[in-house]
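Enquirer: Dropping the structure in here first, questions after.
The values are calculated or read from the model by the stated rules, or taken from the named source; none is laboratory data. Keep in mind it's a predicted model, so treat the numbers as computed, not measured. In this analysis, Cβ positions are derived from the backbone assuming ideal geometry, glycine residues included, and neighbour counts consider all displayed protein chains.
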Amino acid sequence: MNISILVFGGDHFLAKLPEQIRNTSLFSVEVISHLSQAVSLIQITPPDIILVQASLDDSMELCHWLKEQTKLSWIYCILLEDRPQVLALRSECNREWELEMTSAALRQGADAYIWHKSEETANEQ
C-alpha cells in the first residue's frame, strides 16, 4: 500500500521539498494549489499526509477546515513555513517568538509547523 501525500502548494514549492518525497515510488504525490480543488480531492480520496506551503493563499484555512472535519481529522497536516520575511524574522527574534509562531499554527489546525529553509535561503545567510 502506497502512502498518499497531498502537497498544497505550487510546483516551485514541490521542487524545494526533499528528493525522498519528490522522486520515489513509495509515495503517491499529488500537487494542488487551489483550496476548492484540495477540499474536493480530500473528500473524495483522503491522503495520508498533507504538506502545506505557508506562503500560499488559504494555507491556514485548509489546515483549519481539515481539523473541523470529524471523519478526516486523522489526516496529518504539516505546515511548512517558506515565507522569506518570516524566515528572516526567525533569525532576528528570540526563541519565545518562534514558539509563539509554532503555537499559533498548531492552534489553527496544523499538526506540525516546520521552518522550511530552502538551499537558496540558507546560502543567503
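Enquirer: Consider only pairs whose beta carbons are under 8 Å apart and that are at least six residues apart or on different chains; among these, list those whose first residue lies in segment 39-64 and is in contact (Cβ under 8 Å) with a residue 12 or more places away in the chain and whose second residue is acidic (D, E) and buried (at least 17 other Cβ atoms within 10 Å of the Cβ).
Expert: Q53/D82; A54/E81; A54/D82; S55/D82
Enquirer: Just to check your reading of the model, which residue among W65, W97 is aromatic (F, W, Y), within 17 Å of the chain's Cα centre (by Cα) and in a helix (DSSP H, G or I)?
Expert: Values: W97 fails: within 17 Å of the chain's Cα centre (by Cα).
Only one candidate qualifies: W65.
Enquirer: Also: In segment 48-79, how many are closer than 15 Å to I5 by Cα, of a type outside the set (D, E, K, R) and out of contact with any helix residue (DSSP H, G or I) (no Cβ under 8 Å at 6 or more places or on another chain)?
Expert: 4
Enquirer: Looking at D58, is it on the phi > 0 side of the Ramachandran plot and surrounded by fewer than 19 Cβ atoms within 10 Å (Cβ to Cβ)? Explain how you work it out, then say what you get.
Expert: Working: on the phi > 0 side of the Ramachandran plot: yes; surrounded by fewer than 19 Cβ atoms within 10 Å (Cβ to Cβ): yes.
In short, yes.
Enquirer: All but one of (1) assigned to a loop (DSSP other than H, G, I, E, B); (2) out of contact with any Lys or Arg (no Cβ under 9 Å at 6 or more places or on another chain) hold for P46; which doesn't?
Expert: (2)
Enquirer: Take V52 and tell me if it is on the phi < 0 side of the Ramachandran plot, modelled with pLDDT under 95 and surrounded by 14 or more Cβ atoms within 10 Å (Cβ to Cβ). Spell out how you get there, then give the answer.
Expert: Values: on the phi < 0 side of the Ramachandran plot: yes; modelled with pLDDT under 95: no; surrounded by 14 or more Cβ atoms within 10 Å (Cβ to Cβ): yes.
No: the conditions fail for V52.
Enquirer: Return the pairs, sorted by first residue and then second, in which the second residue is surrounded by fewer than 23 Cβ atoms within 10 Å (Cβ to Cβ) and β-branched (V, I, T), the first residue lies in segment 73-84 and is farther than 14 Å from K16 by Cα and touching a residue at least 24 places away in the same chain (Cβ under 8 Å), the beta carbons are less than 6 Å apart, and the residues are 6+ apart or on different chains.
Expert: If the second residue must be surrounded by fewer than 23 Cβ atoms within 10 Å (Cβ to Cβ) and β-branched (V, I, T), the pairs left are Y76/I49.
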